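To start, the structure under review is shown below, and the notes come after it.
Rule-based calculations on the coordinates, nothing more; no lab input. Note that the structure is predicted; figures quoted are calculated from it, not measured. Please note: Cβ atoms are built from the backbone with ideal geometry, for glycine as well, and neighbour counts cover all protein chains shown.
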Amino acid sequence: MKPYFRFSLLLAIVSFGCNSVPEPRLVQIADYFPETDTTIQTNLLPFSDTKAWKTTGWTEATGTSLPEWITENGTAATTFAQGNAHIHLEMKLEKGSTFTVLLQNAYPLVLHGDPTVEGQGSVAGIAASAKASLLPGLWQTLDIVFYAPGANVPARLFRATLNGVEIHSQVQLPAPEKSSDGFLVLTAEGKATVRNIALTPLDLETSVPALILGKTLRYEAYEKDGFQLLANFAASKKVNTGETAFMDIDANRPREINYGLKYFGTFTAPQTGEYKFLLTSDDGSRMYLDGKEIITNDGAHGDETRDATLTVEAGEHAFEVDYFQGEGGASLRMDYTGNGLPMLPFFSAGKTSVIQSKDAYNLVPEKEPIIQRSFLVFPPAQELASDEDPKRRTHGISVGDPSGNHFALDAGQGTLLMLWHGAFANAFNMWDGRGNWQNLVPMGQVISRNGQPDFAVLAEETANWPDSLAFNTVWKPKGYELNPAGWPVFDYELEGVAIKDQYQSTGDALVRTTTLTAKEQPVYFLIASGESVDPQGKGRYVVQGPGYFVQINTCKGAELLLRQTARGQELVAKIKPGKAEISTALTW
Amino acid sequence: MYRYLTLSILLAWTLLLPVTTTAKTEADYYQIQTLKSPEGDILEIGGMAFLPDNSLAVATRRGEIWIIKKWDTETPKLSRFASGLHEPLGLAYHEGAFFTTQRSEVTKITDKNSDGRADRYESVVSWPLTANYHEYAYGPEFLPNGDMLITLNVGWEGKGVSKAPFRGWMMLITPEGKMTPFAAGMRSPSSFGFNDQGDIFYAENQGDWVGSGRITHIEKGDFAGHPASLNWTNEPGSPLSLQSGEINDDFGTMYEAAKTVKSLKIPSVWFPHSIMGISTSDIISIPKKGFGPFGGQLLVGDQGQSKVMRVFLEKVNGVYQGACFPFREGFGSGILRLEWAPDGSLMVGMTSRGWASTGAEPFGLQRLEWKGEVPFEIQQMEIKDDGFLLTFTQPVDPATAGNTSAYSLQRFTYQYHQQYGSPVTDLGQCQITKANVLPSGNQVKLTISGLKPGYIHELRLAGVMSKSGEQVLHPLGYYTLNQLPGGGENMADMASHSGKASAEPVFEAGKHLTEMPASWGGKATQQLEISTQPGLKYNKTTLRVKAGSKVSLRFTNPDDMQHNFVITKDGASQTVGQKALEMGLAGYGSHYIPKSPDVLFHTSLLEPNSNQTIYFQAPAAPGKYEFVCTVPGHASLMRGVLIVE
């Protein structure tokens, strides 16, 4: 049970007829207050606040639950110098528009409305390390931790995260060509909407990243054939030592496989308090603080994050991070939080990934879809304690589309779990050795839905959506059938009601067509849920958090409900007794 | 193993009678044919079934079903029928459909549009699981009434655990998909099958609560010995009510435990570990005709030793028991599945991924054909109140077969405890007082004192000849005695039967120090660590020490089976591994450490999730040495080099 739902309140329901292309009837709910994001400390909006902003071409949107500002070719600049800061910004772009965050009015971070445009997410000409943009029309979240240049130190983009995916880490920014007033400037070419703009100043004297800046680490490089465990350091051969600004395994490694790295440095806690350290690696790693092993992430495995939370006294503490790489993928990164700071990289140069021997286990859909059952790690990113295994779905089915609309579902709960583009999946974890993990690993950037069952019988239309269904009594997976093009039609049974759920990619979209014949049970189909599900007209909905689009193509024998809960919104089809068919097209 | 025995018997025989005989081999009677599969196709066999059109279908661990036509030619034709399954470990073809067991369900697979490719994957029944890798599922096998049986492994968390419903059970499934618990107590029931009476037998692998490999006759409500499964006996439909708290380490043996625990089913036939395989797999009944003189008996595969064994079964006082004999070794990979081909040959499906096998191929398909000659073998070994009645496949030579000194019999048992495996326990000799050749000419009645229910009786023949002068091809068998025909228990008891292990192993002096020598002054000059990895590997293939240094070596075993660590002279690791295998029954109790000048230092046989530190002074002579795990079946893969600098 997710704690959230214990107090989930269904405040209202918006319902509208559900025919071929329904026009939604929107009802404003008087007592509906969306949850505010408490991590945003200082909302700098509205732009009309002239003490904070100097703007041209922005207007305030009407009828939105949160204050939103819209522009076409507008500019907004702070009236104060930005300095060292954590900047949070949410924006929605249109196809063809470009949005620039000009840090200190000197260092541009550029986002394009079209995710496929080159240079997406680049900062001062430095390319982003990952693709994380969403489609135009979807809310996107950008978090930046920026350090202004000092006497002998260049400006640094300590971390930039777009939609939860890190796109820059500890990037040293080239000096600007001209001097700058230091203001934060937002500019739009074309249309853009913003909300929730916050700026938290970071005190150079007390914020931990400042204390890391300019410091170096000592490292030792080791080699050992068959490097599989941290214990192998004992018999490995030290081949190199050096100094480095970051734990940069690509730069520091002695060779591509079967090596170990030990990093030694000092962590200065600005004040006594609780700090959380997160160590992510492929393969194994561990962290010592003051000589005590606080995180153990041993073994040959893919990216796994282990964490430790502990009280650290103010002042200097020696730390050591050990890492080894056997074969296959390789990565090391460390983050920490505490002292009121956002999650920040800890001497980490960002993720590196070397895929070698695992390539042979890539599943590549060529002419027809690939359907593969496996266990699936879900949610895809999990922080784990040292002795914890990731949460997994045991009845996972992944479908790879030659045109790239890949998805994965949990047949055991009838849940569409993940959507992604790019490469399909890797089976190394299930087809190497005994396959101790039995996981198929999606290879693209995954849009992760919330994992609740997609179908349920509800006592009343205001009932909370369940987090899970009783396996084999309430919910039965019945298998699937392939249509002539090789696309699956899944069969399920919900309290005796047969459900057929077909997926087929059209190249542009993933089309999901669901048919069922309800009897007296009040069956509901959760088409989409998110922080918001906004009707755009003509059956089109934009789902925010996670971000994707739903187009209702057909809705027969059902009534569409837009349920507003304390968490957000749910687009639900309430199935009428008799035959129902709902066809939706998903894009992301 | 028996190759070595054959040699020694030959030697003994030559001393008795100066007659030259040519020893026959298994290949003279049963010939292995290898099916070629196109390069790139990875056929790790999890299940096999023959189709009405005589083509062969195989399910693979990578989740595919392939149909193989012309499997009996040089150029078999393969086509992929289905894909995307989650490690299917069984395949059946029934009334026009395939049935397989994936990790989480039994699936019925059909080709509705008859284009040669599956288009419907119907879940017959699905079940929850915890995502532990060891939660394998096997089957189905169809019963005559159309119901199916499947088996579910326990999970592995340093011991067998049953954290999802009915892990460790055999389940019965109706065609409509109603699943009910059938029998409990299984650990790793990778294989099960039927004898010619249609009775169900399942094969178990050595592990926790399982002293050695075995096959057990299973009826509804049986408890086969592993207590983790008993977590679910309070569930509706459970045919037994036994609670896991009723099982403990104190019974001594399964035979003793069964006196108290009424639902405990003792094994029909034990397969002594390392001699009769190390991982028993598929069970199949030999047809009356077409495969030699063993119609109605069982063949049982072995994954780790890439061989097939033969079982003679009999029912005494309503209880199955019998003997296992070597049958055919030398297959290419780890045998998981056996199926009769339409031409009367035995199709052998193999995979060794994750567990090494004597046959070095990672996977494969082979066929065993009977060449038509009848080998001279012990065809039957029947229990009588006062001994065994041996029936040979050919008339015997009365002079040699009637000589009591041509036979030896010893008996032993295994312990019933949570610890992994068991040493050979309570080993004692039986006395053969008479060997009468019966008028039929092919039978010998051995009169024996010392037979003991609850014990495995090892029969060795040395010098018995057929009338036509042939030696017994496999002069070795192990009879599991559960019942004497007259009932009762004791006759001419010669040895105690406490169920206790033989004395602690006596290792050669100085080779196994688990405490630091006092003379080192509390300090080792070099500390080494090495551990095991799944798939029969050490985590290191090279260790380096300084000549003459004082070494402490910590050996850790996080794997799910037992291993040891033995340092040998250069080039001797395989010899030492072979010697460990040849220790036979004594191997386990001696931690598979043979007494040999080739063995320099060694650890004990370590349980899963345990470790041991040993101390030794590195050789004074710089050079190359080797290290190896001498557990039977491991030495060829699990080894490395120790460099003394």
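Just check region B:536-627 against the gyration tensor rule for me: Cα atoms, a ≥ b ≥ c as the square roots of the eigenvalues, rounded for a/c under 1.5, and otherwise prolate or oblate depending on whether a/b exceeds b/c. Can you show the working numbers first?
Values: a/c = 1.85, a/b = 1.24, b/c = 1.49.
Oblate is the answer for region B:536-627, as a/c is 1.5 or above yet b/c matches or exceeds a/b.
Between B:GLU219 and B:MET516, the modelled labels are 6.1 nm apart [label points 7 Å from Cα along Cα→Cβ]. If you build the convex hull over the alpha carbons only and average its shadow over all orientations, what do you get for the protein assembly as shown? Give it in nm² to one decimal. That works out to 52.1 nm², a quarter of the Cα hull's surface.
Suppose we flag trypsin sites (Lys or Arg not before Pro) only when DSSP calls them loop and at most 14 other Cβ atoms lie within 10 Å. Which is the longest uninterrupted stretch of chain A?
Details: sites that count: A:ARG25, A:LYS51, A:LYS95, A:LYS178, A:LYS215, A:ARG255, A:LYS367, A:LYS391, A:LYS519, A:LYS538.
The answer is A:392-518.
Taking GluC sites (Glu not before Pro) as exposed when their DSSP state is a loop state and no more than 12 other Cβ atoms lie within 10 Å, the longest site-free interval of chain A runs over A:36-117.
Bridge orientation summary for the protein assembly as shown: considering DSSP beta bridges with both residues in this region, about 95 percent are antiparallel. Three principal axis extents of region A:365-436 based on alpha-carbon atoms, in descending order, are 42, 29, 22 Å. Looking at region B:109-203, the GluC sites (Glu not before Pro) that sit in a DSSP loop and have at most 16 other Cβ atoms within 10 Å of their own Cβ are B:GLU157, B:GLU176. In terms of surrounding Cβ atoms within a 10 Å radius of their Cβ, B:LEU368, B:LEU91 rank from fewest to most as B:LEU368, B:LEU91. The slack between A:GLU531 and A:ASP250, meaning 0.36 nm per residue of separation minus the straight C-alpha distance, is 97.3 nm.
Over 26 Å between Cα atoms: which of A:LYS358/B:LYS307; A:LYS500/A:LYS556; B:LYS445/B:LYS467 fall into that group? Please report the intermediate quantities before stating the final value.
Numbers: A:LYS358/B:LYS307 32 Å; A:LYS500/A:LYS556 14 Å; B:LYS445/B:LYS467 17 Å.
Among A:LYS358/B:LYS307; A:LYS500/A:LYS556; B:LYS445/B:LYS467, the Cα-Cα distance tops 26 Å for A:LYS358/B:LYS307.
Between B:GLN394 and B:GLU377, the built amide H atoms are under 5 Å apart, and every one of these is 5 or more places off in sequence or on another chain.
Based on the Cβ-Cβ distance from B:THR34 to A:ALA234, what FRET efficiency comes out when R0 is 51 Å, to the nearest 0.05? Kindly include the intermediate steps, with their values, before the conclusion.
Numbers: r = 44 Å, r/R0 = 0.86.
Once rounded, the FRET efficiency stands at 0.70.
Secondary-structure-derived ellipticity at 222 nm for the protein assembly as shown, considering helices only, amounts to -1000 deg cm²/dmol, per-run term -39500 (n - 2.57) for DSSP H runs with n ≥ 4. Pop the C-beta distance of A:MET343 and A:LYS367 into the FRET formula with R0 = 45 Å and round what comes out to the nearest 0.05. So the FRET efficiency works out to roughly 0.60. Say the dipole of the protein assembly as shown comes from +1 at the beta carbon of Lys and Arg and -1 at that of Asp and Glu; which of B:ALA399, B:GLY428, B:HIS226 then lies farthest toward its positive end? Going by the Cα projections, it comes out as B:ALA399.
If you take the square roots of the eigenvalues of the alpha-carbon gyration tensor of chain B and sort them as a ≥ b ≥ c, do you get rounded (a/c under 1.5), prolate (a/b over b/c) or oblate?
Numbers: a/c = 1.37, a/b = 1.11, b/c = 1.24.
Here chain B falls in the rounded category.
Under the criterion of Cα pairs below 8 Å and six or more residues apart, the relative contact order for chain A equals 12 percent. In a reduced charge model with +1 at each Lys and Arg Cβ and -1 at each Asp and Glu Cβ, the protein assembly as shown shows a dipole moment near 1500 debye about its Cα centre. Rounded to two decimals, the Cα radius of gyration of region A:117-208 over 2.2 N^0.38 Å is 1.17. Label positions at B:ARG544 and A:LYS519, each projected 7 Å from the Cα along the C-beta direction, are separated by 7.5 nm.
The residue among A:GLY578, A:ALA81, A:ASN472 whose Cα reaches farthest toward the positive pole of the charge dipole of chain A, with charges on the beta-carbon of Lys, Arg, Asp and Glu, is A:GLY578. On full extension, the segment bounded by A:LYS95 and A:SER403 gains 108.7 nm, given 0.36 nm per residue less the C-alpha separation. In this structure, the residue pairs whose Cα-Cα separation is over 26 Å, taken from B:LYS108/B:LYS262; A:LYS51/A:LYS131; A:LYS237/B:LYS546; B:LYS159/B:LYS537, are B:LYS108/B:LYS262; A:LYS51/A:LYS131.
Here the spin labels are modelled as points 7 Å beyond Cα on the Cα-Cβ line, and at B:SER468 and B:GLN574 they lie 3.6 nm apart. Among the trypsin sites (Lys or Arg not before Pro) within region B:315-374, those in coil by DSSP and having at most 15 neighbouring Cβ atoms inside 10 Å are B:LYS371.
If contacts are Cα pairs under 8 angstrom and at least 6 residues apart, what is the relative contact order of chain B in percent? Here the relative contact order equals 10 percent. Largest first, the extents of the alpha carbon coordinates of chain A on the three principal axes equal 72, 64, 43 Å.
For region B:111-168, applying the loop criterion from DSSP together with a ceiling of 10 other beta carbons within 10 Å to the trypsin sites (Lys or Arg not before Pro) yields B:LYS112.
Cβ-Cβ distance of A:SER468 and B:ALA509, R₀ of 45 Å, FRET efficiency by 1/(1 + (r/R0)^6): the value works out to about 0.15.
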